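In what follows, a structure is listed as structure tokens, so that the remarks can point back to it.
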Amino acid sequence: MSVEKWRDWMELIALIAVVASLIALVVELRQTQVALRAQAYQARAFDGIAWNMEFAKDASIRDMQDRFYEPDFDPDSLSPSELSIARRLITIVRIDLDNEHYQFQSGFLDESFYQGETVPRIRSNAPLWRAMGIVSPRQEFRAEVDRILGVNRE
């Protein structure tokens, strides 16, 4: 093999290595971007949960939360101050479940946890937060809740 052909082969190999390196770099940047976005979303969720938890520290509030799951619970039966506290408590749950859904969408929460823990909690809590007019800002989560509840919004 002549030196010129050898050089051509080496240039081709170098070119392929450069292209492969660029592809690997793009994949790594994409994974980092997804991880950072998920981390930022989770931080916002924790801030929302912490802020709302300040309102849930006494026994009377915990008793009210227990009322949410009684079969005949009606948000209209609450006084204005109870309704305000109830909305905060239900918002905590909605934020947590929205966060779990986002983590699942981003590949940071495994399927078995999502199906075994998150979906049943959405199924039991979404009717309550919807009855109270609490809406997720994320359209993807609203669509997932509709899917889980079997709601067709078309």
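A few notes on this one:
- Put simply, when 109-121, 83-95, 12-24 are sorted by average Cβ atoms within 10 angstrom per residue, most first, you get 83-95, 109-121, 12-24.
- Per-residue extension of 0.36 nm, minus the Cα-Cα distance of Glu140 and Gln115, leaves a gain of 7.3 nm for this segment.
- Size check on the chain: the Cα extents along the three principal axes, sorted descending, read 91, 35, 26 Å.
- Since only Ser136, Pro120, Ile23 are under comparison, the one whose Cα sits farthest along the positive direction of the charge dipole of the chain, derived from C-beta charges on Lys, Arg, Asp and Glu, is Ile23.
- Label-to-label distance, nm, for residues given as Asp58 and Ser79 (7 Å Cα→Cβ offset): 1.1 nm
- Per-residue 3J(HN,Hα) values for the stretch 114-120, derived from phi via the Karplus relation 6.51 cos²θ - 1.76 cosθ + 1.60 with θ = phi - 60°, read 4, 6, x, 10, 5, 4, x Hz in sequence order (x marks Gly and Pro).
- The calculated Kirkwood hydrodynamic radius for the stretch 48-118 is 13.6 Å, given to one decimal from all distinct C-alpha pairs.
None of the figures in this text is laboratory data; all of them are computed from the coordinates on show. Nothing here was measured: the structure is a model prediction, and the numbers come from that model. As a convention, Cβ positions derive from the backbone with ideal geometry for all residues, glycine included, and neighbour counts pool all protein chains shown.
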